[in-house]
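The structure appears right after this line, and notes come after that.
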Amino acid sequence: MNTLEGISKFVVPRSVVEDTDTQLRAAGVSHCECFVLWSGVREDQTFRIRTRHVPRQTAYRLSEGLCVRVEGDELHRLNVWLFENHEELAVQVHSHPTEAYHSDTDDTYPIVTMRGGLSVVVPDFARAGLRGKGVVNYRLGMSGWDELSVDEARRLIQFED
């Protein structure tokens with residue numbers, strides 16, 4: 001079975017970080033959460049992020065809170081793109097209106113489903129961005145999403161300047 005569990009470093013280009021921050025903040029202006037996905041290629045134990053994807057999505061404001069839905073046809077379109085471009089989906093990033101955490105919905109309906117993949121949750125509609133305080137990182141393990149310590153995340157996710 002193919003997993004990302006052997007990856008010890010995810011390298012993210014500045015342009016992907018900046019584009020992701022911009023996308024999350026733009027949705028936040030309308031008080032909406034947003035999903036951004038990162039794909040790329042493996043180089044031994046390093047995963048190099050190459051592409052930022054913003055799938056067509058619908059944002060909802062429910063009595064329980066905010067959420068985002070990406071329909072199956074859009075996920076199919078993304079999977080075809082990944083296949084044709086020889087990339088793998090490795091990281092999902094999404095915003096929250098206040099503090100960052102993995103909700104029950106985040107746990108139950110992830111877009112990244114390969115073990116070893118990452119889920120990054122950015123607080124405050126990304127006002128401080130991916131490099132700001134309060135960002136929470138998770139890695140998919142055998143029993144679900146495991147929260148990474150700040151030090152673990154810093155070692156695992158490396159932002160290029």
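The values are calculated or read from the model by the stated rules, or taken from the named source; none is laboratory data. For clarity, every value in this text was computed on a predicted model and none was experimentally measured. When we count neighbours, we look across all protein chains shown, and the Cβ atoms used for this are built from the backbone with ideal geometry, even at glycine. For the accessible areas, the whole protein counts, side chains as well, though only heavy atoms, and no ligand, DNA or RNA atoms are used. Shrake-Rupley method; radii C 1.70, N 1.55, O 1.52, S 1.80 Å.
A simple spin-label model places the labels of residue 14 and residue 61 3.7 nm from each other, with each point 7 Å out along Cα-to-Cβ.
Solvent-accessible area per residue in region 10-129 equals 51 Å², computed with a 1.4 angstrom probe and all protein chains kept. What the phi angles of region 145-161 give under the Karplus curve with 6.51, -1.76 and 1.60, with θ = phi - 60°, is a coupling list of 7, 9, 6, 8, 5, 4, 5, 4, 5, 5, 6, 7, 10, 10, 8, 7, 9 Hz, glycine and proline written as x.
Placing unit charges on the Cβ atoms only, positive for Lys and Arg and negative for Asp and Glu, gives region 26-151 a dipole magnitude near 400 debye about its Cα centre. Shown for region 61-161: the carbon plus sulfur share of the solvent-accessible area, taken with all protein chains present and a 1.4 angstrom probe, equals 49%. Shown in residue order for region 99-107 are the 3J(HN,Hα) couplings computed by the Karplus curve 6.51 cos²θ - 1.76 cosθ + 1.60 at θ = phi - 60°: 5, 9, 6, 9, 7, 4, 5, 4, 5 Hz (x for Gly and Pro). Counting only DSSP beta bridges whose two residues both lie in region 1-55, roughly 70 percent are antiparallel. Sequence-ordered 3J(HN,Hα) estimates for region 132-139 from the Karplus curve with 6.51, -1.76 and 1.60 and θ = phi - 60° stand at x, 6, x, 5, 10, 10, 10, 10 Hz, glycine and proline given as x. Here region 1-78 is assigned +1 on the Cβ of each Lys and Arg and -1 on the Cβ of each Asp and Glu. Its dipole about the Cα centre then comes out at about 180 debye. Taking all Cα pairs closer than 8 Å and separated by 6 or more residues, the relative contact order of region 1-68 comes to 32 percent. Per residue, the convex hull spanned by the Cα atoms of region 1-91 amounts to 123 cubic angstrom.
Annotation: the antiparallel percentage among DSSP beta bridges lying fully within region 54-161 is about 70.
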